[in-house]
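Here is the structure we will look at, set down as structure tokens.
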Amino acid sequence: MSNVGRPINYAARQVKIDKIIDGAVQCFVKKGFHGAGMAEISRTANVSQASLYQYFSSKNELILEIAKKYFTRDMEALKRIESASDFVVALEEEAYLTGDKTGTIMYLEILAESSRNPEIKKAVQKSGQELFSTCCAMIKKLQENGKANSTLAPEQITHYIFAYIDGLSCHIATTNTEYSSSMLRQFVETLLEFKD
């Protein structure tokens, strides 16, 4: 039967893609990118290998899509912080993502893969720069409005915040450390020396 002229069901297509990505994340978190094969991913996602390859022609393409999904999620969180009336409260609410152990392990897998794979590295660097620039702009605005101390440059403050969250992510992924929103709040308030 010909598919010519048949409209694409984009909602059903996205459901299938999400199902594949969720299955891939489960496999990659357990075995890493190189330990998990496409056959295992298709079984975990409960889709045929033929269907899997219809959406993703290679494991590398699937890894890139997962990286894109995670960085899009982080950028959306930053945008919500940017539009909030209280920076620290919004940061505290959005940084709960750091406490997502599966997501944190997946993020570390992406970073590790970027050290070996030039295509992943390029995507990670591009996304990382976008996140960094967005956060710098938020800090600069706080300083210009007199709501935060200007002793440190926005770039320095952003670097420290990102380093703190990345370090916490490593602890969460490798130990029984729990995410603490109050510790993040204390760190950021101390760093920015918020003014009333």
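The values are calculated or read from the model by the stated rules, or taken from the named source; none is laboratory data. Just so it is clear, the model here is predicted, and its values are computed rather than measured. With ideal geometry, Cβ positions are generated from the backbone for all residues, glycine too; neighbour counts draw on all protein chains shown.
On the basis of being more than 24 Å from F33 (Cα to Cα) and modelled with pLDDT of 85 or more, does A153 make the cut? Judged against the criteria, A153 is a match.
Is it fair to say T177 is in contact with a His (Cβ under 9 Å, 6 or more places away or on another chain) and either farther than 30 Å from K59 by Cβ or not assigned by TED's automatic domain parsing to the domain that holds A90 (or both)? Here the answer is yes, as T177 does meet what is asked.
With the condition kept exactly as written, say whether any residue in the stretch 101-115 is crowded, with 16+ Cβ neighbours inside 10 Å, out of contact with any strand residue (DSSP E or B) (no Cβ under 7 Å at 6 or more places or on another chain) and outside any helix (DSSP H, G or I). Taking every residue of the stretch 101-115 in turn, none turns out to be crowded, with 16+ Cβ neighbours inside 10 Å, out of contact with any strand residue (DSSP E or B) (no Cβ under 7 Å at 6 or more places or on another chain) and outside any helix (DSSP H, G or I).
Being free of Cβ contacts under 8 Å to residues at least 40 places away in the same chain and either more than 26 Å from L62 (Cβ to Cβ) or assigned by TED's automatic domain parsing to the domain that holds V88 (or both) is a description that does not apply to A123.
Scanning the stretch 138-149 for residues that are without any contact (Cβ under 8 Å) to a residue 24 or more places away in the chain and in a helix (DSSP H, G or I) gives K140, K141, Q143, E144. In the stretch 150-165, the residues that are assigned by TED's automatic domain parsing to the domain that holds E93 reach residues that are at pLDDT below 90 and hydroxyl-bearing (S, T, Y) with C-beta atoms within less than 7 angstrom, at least six apart or across chains, in these pairs: I165/T98. Applying the criterion of being more than 13 Å from the chain's Cα centre (by Cα) and β-branched (V, I, T) to the residues of the stretch 66-93, the residue that is modelled with the highest pLDDT is I81. If the condition is being of a type outside the set (A, V, I, L, M, F, W, C) and in a loop (DSSP other than H, G, I, E, B), then the stretch 150-175 contributes S150, T151, T175.
Of the residues making up the stretch 134-182, those that are surrounded by 15 or more Cβ atoms within 10 Å (Cβ to Cβ), among the aromatic types (F, W, Y) and within 19 Å of E109 (Cα to Cα) number 1. Being surrounded by fewer than 12 Cβ atoms within 10 Å (Cβ to Cβ), touching a residue at least 12 places away in the same chain (Cβ under 8 Å) and of a type outside the set (V, I, T) is true of N46.
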